[in-house]
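Enquirer: Once you've had a glance at the structure underneath, I'll fire off some questions.
The values are calculated or read from the model by the stated rules, or taken from the named source; none is laboratory data. In this text, all values refer to a predicted model and were calculated from it rather than measured experimentally. Cβ atoms come from the backbone with ideal geometry, glycine included; neighbour counts cover every protein chain shown. All accessible areas refer to the heavy atoms of the entire protein, side chains included, with ligands and DNA or RNA removed. Shrake-Rupley method; radii C 1.70, N 1.55, O 1.52, S 1.80 Å.
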Amino acid sequence: LADSFHYTSDRKAYMQRLLLASWSMTLISAVLQVMLPNKTVVLINNAFSTFFLTGLYVVFWDRLVMGIQEKNARKIVSTALFWLVPALSSLPALLIVQFVGHLPLPIIRAALILSMLIPNLLLVEGGALMVFLGLAFYILRKQRLAQIGVLLAFSAIIFKVGSGMQWLMGLAAIPMILYNGERGKGFKWFFYIFYPVHIFVLYVTATVLAK
C-alpha cells in the first residue's frame with residue numbers, strides 16, 4: 001500500500017476500492033460461517049481493512065506535513081484530530097464486549113459484523129501495529145534499509161510477546177531487498193480476487209475436513 005499510494009493517479013478511487021473490498025469480505029465471511037459453521041475456526045481475516053486504515057493514516061500524514069510546511073496551524077490541529085477517528089471508531093466494538101454476557105448470540109454476532117464494517121484499530125487484522133508499520137513504510141519509502149530495520153524491529157517485538165507465527169514476517173526483508181522500487185505489471189484485480197478467494201477456500205476445506 002505504501003508504494004501503491006505513491007504510484008496511483010487517484011487516491012480517492014483507490015481508497016474506495018479498499019473500503020468496498022473490506023465490506024464485501026466482512027459480509028461474505030459472515031454469510032459463509034452461518035451456512036458452513038466451524039466451531040474451531042473463526043473467519044475474521046480481512047487485510048483490506050488494514051490497508052484502508054493505513055491509507056487513511058498516509059493521507060493524514062501527508063496533510064500534517066503539508067500543514068507544517070505551510071505553517072498552517074489550523075490544518076495541523078485539524079489533522080491531529082483526524083488521527084483520532086480510527087481509534088474512536090473502535091467504541092462500538094468496545095460497547096459490544098461490555099454486553100457479551102447479557103445479549104443473545106445472534107444479536108452479538110450481528111452487532112459485531114456491523115462494527116467490523118467500520119474499519120477501526122481494535123478489530124483490524126493484525127492490529128494497530130500493522131497499520132503503523134504500513135505508515136512507517138510510506139514515510140521511509142525512499143529509504144529501503146530503514147524500512148527493513150523497522151520491519152525487523154516490529155518482528156522482534158512480536159516474537160518477544162509471543163504472538164504466534166506473525167514474527168516470521170521478518171522474512172519479507174528478502175524480497176524487500178530485491179525490490180527495485182518500480183511499478184509492477186498492474187495485476188491489481190488479480191490480488192483483489194485472489195486474497196479473499198484463497199481465505200474462503202481454506203476455511204471451507206478446514207470445515208469439510210473437520211467433519
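Enquirer: Out of the residues in the stretch 57-67 that are open to solvent by 10 Å² or more (accessible area, probe 1.4 Å) and over 12 Å from residue 14 (Cβ atoms), which is farthest from the chain's Cα centre (by Cα)?
Expert: Only one residue fits best here, namely 66.
A quick yes/no check of all residues on (1) among the aliphatic types (A, V, I, L, M); (2) more than 21 Å from the chain's Cα centre (by Cα); (3) modelled with pLDDT under 90; (4) on the phi > 0 side of the Ramachandran plot:
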position: 69; (1), (2), (3), (4): no, yes, no, no
position: 82; (1), (2), (3), (4): no, no, yes, no
position: 126; (1), (2), (3), (4): no, no, yes, yes
position: 135; (1), (2), (3), (4): yes, no, no, no
position: 148; (1), (2), (3), (4): yes, no, no, no
position: 153; (1), (2), (3), (4): yes, no, no, no
position: 168; (1), (2), (3), (4): yes, no, no, no
position: 174; (1), (2), (3), (4): yes, yes, no, no
position: 181; (1), (2), (3), (4): no, yes, yes, yes
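Enquirer: Of everything in the stretch 68-95, what is assigned to a loop (DSSP other than H, G, I, E, B) and open to solvent by 60 Å² or more (accessible area, probe 1.4 Å)? Give them in sequence order.
Expert: Scanning the stretch 68-95 gives 71, 83, 84.
Enquirer: Could you check the stretch 27-50 and list, in sequence order, the residues that are open to solvent by 80 Å² or more (accessible area, probe 1.4 Å), touching a residue at least 40 places away in the same chain (Cβ under 8 Å) and assigned to a helix (DSSP H, G or I)?
Expert: Passing the criteria: 27, 28.
Enquirer: Among the listed residues 170, 186, 126, 164, identify the single one that is of a type in the set (Gly, Ala, Ser) and within 21 Å of residue 87 (Cα to Cα).
Expert: Values: 170 fails: within 21 Å of residue 87 (Cα to Cα); 186 fails: within 21 Å of residue 87 (Cα to Cα); 164 fails: within 21 Å of residue 87 (Cα to Cα).
Being of a type in the set (Gly, Ala, Ser) and within 21 Å of residue 87 (Cα to Cα) holds for just one of 170, 186, 126, 164, which is 126.
Enquirer: If I filter the stretch 1-18 down to residues being open to solvent by 40 Å² or more (accessible area, probe 1.4 Å) and modelled with pLDDT of 90 or more, which single residue comes out as farthest from residue 130 (Cα to Cα)?
Expert: Ranking the qualifying residues of the stretch 1-18, first place goes to 10.
Enquirer: If you scan the stretch 181-193, which residues turn out to be part of a helix (DSSP H, G or I) and open to solvent by 100 Å² or more (accessible area, probe 1.4 Å)?
Expert: Scanning the stretch 181-193 gives 189, 190, 191, 193.
Enquirer: Given the structure, is residue 24 modelled with pLDDT under 90 and open to solvent by 40 Å² or more (accessible area, probe 1.4 Å)?
Expert: no
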